[in-house]
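Single-structure report; data block below.
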Amino acid sequence: MGSLPAFSIHLPPHPASSSSGDPKPAESIDESTLLNLFKAQQGHLNYFFQHLDLSQTLAFTKALLRFSSLGGTVFFTGVGKSGFVAHKISQTLVSLGTRSAFLSPVDALHGDIGILTDRDVLVLFSKSGNTEELLRLVPCARAKGAFLISVTSAGESLLKGSCDLNVCLPLDRELCPFDLAPVTSTAIQMVFGDTVAIALMEAKNLSKEAYAANHPAGKIGKSLIFKVKDIMKKQQELPVCREGDLIMEQLVELTSKGCGCLLVIDEAYHLIGTFTDGDLRRTLKASGEGIFKLTVGEMCNRNPRTTSPETMAVEAMRKMESPPSPVQFLPVIIEENVLIGIVTLHGLVAAGL
């Protein structure tokens, strides 16, 4: 592991006094201590990777795949820190297309176990394998017909002896100097569960589009789901004019629609060209008072970049930003160059792309 930037943390003295009446020394930590902790944790994680039983892991993964393929749900449970990890892994599986849920062991014993069926698998996370709440849950879950899997860091445990399948996560020791605080054990639980989740994703051939469908509000989902037609302005929102219209008579249309341009069309709505606020400034500078006699058609760009309604919105954004110079909008056209909308860079950004 490389060296870390030099820094130190100094906290104010604790307000309490020692038994001798003298103030306690200020709490502090230095770079060397912090670096050694990271290196120690790295060593503990390497121990896990080097000693993980892949045959157990494969059996675990196949069991989850089998039950989910048959329409069952992969339930996870755990207490304390292991419970938080179990909850997170369940959410990862859901986002990757596997039916999953977290089952609180306490709530399960007070009615929630009714959700379990003989098509489901229940994964019980416990460092020691002797967690009382999980041991009480096991016979109840077995009575519902669920397939039980224990995931522990203990060679032998009560939980291991009562489940259908067992996985041991090799734990060298906790990073905690007392070997008590669950910081290394939860780290390897997370690594194990999330890696298996990706294995299931690949086994199910989850497509990028299917993944995006599970994340519609995120940037990834939007980039793979949204098309130009979903974001474009249309009908009365379009800043349209005819090529024979005087430029100065179209200033309201140019500025009021929030597009920064005019879309020049004919009677059949065929796109002729575009005239931007930048074109207006350049024309005014070059023509002076002569601008009052100029028509939009005389000064418009008759070869603008365009897009189609079925184009992915993210591709439209790339087209706007492409050389030789970026543009702020794209007219949306269909067959025979008929104008149906406009997509703007502001609109794409506002949509979260």
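The values are calculated or read from the model by the stated rules, or taken from the named source; none is laboratory data. All values derive from a computational prediction rather than experimental measurement. Glycine gets a Cβ as well: all are built from the backbone with ideal geometry, and neighbour counts include every protein chain shown. The accessibility values were calculated without ligands, DNA or RNA, using every heavy atom of the protein model including side chains. Shrake-Rupley method; radii C 1.70, N 1.55, O 1.52, S 1.80 Å.
In this simple spin-label approximation, Arg142 and Ala351 carry label points 7 Å from Cα along the Cα→Cβ vector, and these lie 5.5 nm apart.
Along the chain, the exposed loop sites are GluC sites (Glu not before Pro) outside DSSP states H, G, I, E and B with at most 13 other Cβ atoms within 10 Å, and the longest stretch free of them is 28-155.
In the elastic network of the chain, a GNM with C-alpha springs shorter than 10 Å, the most mobile of Ile340, Ile231, Ile291 is Ile291.
Using a cutoff of 8 angstrom between alpha carbon atoms and counting only pairs six or more residues apart, the relative contact order for the chain works out to 12 percent. Think of a 1.4 Å ball rolled over the protein heavy atoms: the range 77-123 then has 46 Å² of accessible area per residue.
Note on Glu310/Glu249: beta-carbon distance plugged into 1/(1 + (r/R0)^6) with R0 of 41 Å gives a FRET efficiency of 0.70. The stretch between Val106 and Asp30, if pulled fully straight at 0.36 nm per residue, gains 23.1 nm over its current Cα-Cα span. Pairs of alpha-carbon atoms within less than 8 angstrom and 6+ residues apart define the contacts here; what relative contact order does the range 279-353 have, in percent? Worked out over the range 279-353, it gives 22 percent.
Classify the range 70-221: rounded, prolate or oblate, from the alpha-carbon gyration tensor (a ≥ b ≥ c, eigenvalue square roots; a/c under 1.5 rounded; otherwise prolate if a/b is larger than b/c)?
Oblate, because a/c is 1.5 or more while a/b does not exceed b/c.
Computed from Cα positions, the angle between helix 132-143 and the longest principal axis of the chain comes to roughly 80 degrees. Of the trypsin sites (Lys or Arg not before Pro) found in the range 94-161, the ones in coil according to DSSP and having at most 16 other Cβ atoms within 10 Å of their Cβ are Arg99, Arg119, Lys144. Spin-label model, Asn46/Leu206: points 7 Å from Cα along the beta carbon direction are separated by 3.2 nm.
GNM on the chain, alpha-carbon springs under 10 angstrom: the most fluctuating residue among Gln250, Gln41, Gln56 is Gln250.
Which whole-number percent is the relative contact order of the range 31-187 (Cα, under 8 Å, 6+ apart)? Mind showing how you got there, number by number?
Values: 267 pairs, mean separation 37.6, N = 157.
Reported as a whole number, the value is 24 percent.
As a calculated quantity, the FRET efficiency between Phe38 and Lys234 at R0 = 45 Å, using C-beta atoms, amounts to about 0.25.
I want the local charge near Ala268. Using Cβ-Cβ distances under 14 Å, sum +1 for each Lys or Arg and -1 for each Asp or Glu among the other residues.
Numbers: positive: Arg242; negative: Glu243, Asp266, Glu267, Glu335, Glu336.
Around Ala268, the charge tally is -4.
Considering the chain as a Gaussian network with a 10 Å cut-off on Cα pairs, which listed residue, Leu169, Leu280, Leu159, attains the greatest mean-square fluctuation? Judging by the Gaussian network model, the answer is Leu280.
To the nearest 0.05, how large is the calculated FRET efficiency for Arg99 and Asp179 if R₀ is 45 Å and r is the Cβ-Cβ distance? That gives a FRET efficiency of 0.75. Checking the cross-link pairs Lys204/Lys319; Lys39/Lys81; Lys62/Lys127; Lys257/Lys285; Lys88/Lys204; Lys227/Lys293 against a 29 Å limit on the alpha carbon distance flags Lys204/Lys319; Lys227/Lys293 as lying beyond it.
Cα convex hull, the chain: 275 Å³ per residue, rounded to a whole number.
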